[in-house]
Amino acid sequence: MKKRERPGAFPSARQDEEAARHFRDTPQTRSPSYRLAFADPDFLLREDLRPVRLQLELLKPELALQEADIVSTIVVFGSARTPPREGPAADERMRDYEEARRFARLMSERERNNGLHSVIVTGGGPGIMEAANRGARESGARTIGLNIVLPHEQAPNPYITPELSFQFHYFAIRKMHFLMRARALVCFPGGFGTLDELFETLTLIQTGKIEPIPVLLFREAWWRRIVNFEAIAEAGMIAPEDLEIFQFVETAEAACDLIDAFYGKAG
């Protein structure tokens, strides 16, 4: 992250933090109460400081993305359990991996002349996330990963641009970051996490909390087996027009074309 020089007569927090390391060793200076508040991990991790931690977790990635001049993103969701293709034989999940990889590569290549628009962003882990970061990386584009601390370690996949690799504690703040610059959401088959992220996006569009964006669901047969969207509408739980918030796609080319068409780009 770039350091921004701050003019003014007062010393910076960094300068005071450095100066505080050189205090005399006395019972008073050894007391935790004497630590600078912003440099005291025990204080920052107190339950009472949750509002501050929420703000920090919102602010740190946002400042880094601003400083990297990231203008807009394409969000790719999908299962962490989707394996890459190995050998000539491939099941549906392996084909999902390759299609996510191909979509990210094609979209990144289409956006090559647009600088840092439509940058591929994923949850930063394995499976579909790795595939999308990998495809973007293969095109020579920068690509973002938004990891989260889980009980079972989830390390960032090796295809994320290192300075655009972030880690979160709060799911809610992470989901905000997914959508703050999103021009489209591309969703592959996945589990609870994928469904949670998809339905939150659908709800935000439905309720007008965010502007409509293309929401593309890969592999229609899988989605129709998992979710009966029409039954929800027929039961009156959503309006019939809510079914138009999303579209099904089968190929990377079709997904790229639909995103281009939404924004009025020539094919």
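Please treat every number below as a calculation from the coordinates, not as lab data. These numbers come from a predicted model, not from an experiment. All Cβ positions, glycine included, derive from the backbone under ideal geometry; neighbour counts span all protein chains shown.
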Under the 7 Å Cα-to-Cβ spin-label approximation, Met176 and Arg112 lie apart by a distance in nanometres of 3.7
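Once you compute Rg and the Kirkwood Rh from C-alpha atoms, what is the Rg to Rh ratio for segment 43-119?
Values: Rg = 18.6 Å, Rh = 15.8 Å.
With Rg and the Kirkwood Rh in hand, the quotient comes to 1.18.
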Apply 1/(1 + (r/R0)^6) to the Cβ-Cβ distance of Glu250 and Glu200, taking R0 = 41 Å, and write down the FRET efficiency to the nearest 0.05. 0.95
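Over the chain, what is the relative contact order in whole percent, taking alpha-carbon pairs under 8 Å and six or more residues apart?
Working: 395 pairs, mean separation 44.6, N = 267.
Relative contact order comes out at 17 percent.
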Please compute the contact order of segment 1-156 in relative form: average sequence separation of alpha-carbon pairs under 8 Å and at least six residues apart, divided by the residue count, as a percent. 19
Show the residues, 5+ positions off or on another chain, whose built amide H is closer than 5 Å to the amide H of Val249. Leu217, Phe218, Arg219, Glu220
Among Phe168, Thr73, Pro214 - extreme Cα towards positive end, dipole of the chain, charges at beta-carbon: Phe168
Mean Cα-pair separation over length for segment 119-243, i.e. relative contact order, pairs under 8 Å, 6 or more apart, %: 17
Check: the chain dipole with +1 on Lys, Arg Cβ and -1 on Asp, Glu Cβ, in debye: 940
Value of D in µm² per second that Stokes-Einstein yields for the chain, Kirkwood Rh from Cα pairs, at 4 °C (1.567 mPa s): 63
Quick check: the distance between the Cα centres of segment 120-138 and segment 183-253, to the nearest angstrom? 21
Specify which residue in the list Leu116, Phe178, Ile226 is farthest towards the positive end of the charge dipole of segment 68-262, using unit charges on the beta carbon of Lys, Arg (+1) and Asp, Glu (-1), about the Cα centre. Leu116
Highest-MSF residue in the chain out of Tyr159, Tyr34, Tyr170 [GNM, Cα springs under 10 Å]: Tyr34
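Tell me the volume per residue, in Å³, of the convex hull enclosing the alpha carbons of segment 93-203.
Details: hull volume 11.3 nm³, N = 111.
Roughly 102 Å³ of hull volume per residue.
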Whole-Hz Karplus couplings 3J(HN,Hα) for segment 222-229, θ = phi - 60° and coefficients 6.51, -1.76, 1.60, Gly and Pro as x, run 5, 4, 5, 6, 8, 10, 8, 4
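About the Cα centre of segment 209-267, how large is the charge dipole given +1 on each Lys and Arg Cβ and -1 on each Asp and Glu Cβ? Please answer in debye to the nearest 20.
On the way: 5 positive and 11 negative charges, 43 e Å.
The dipole of segment 209-267 has a size of about 200 debye.
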Pairwise FRET efficiency - Ala239 versus Arg50, Cβ, R0 = 35 Å, nearest 0.05: 0.45
Net charge over other residues, Cβ less than 13 angstrom from the Cβ of Val75 (K, R count +1; D, E count -1): +2
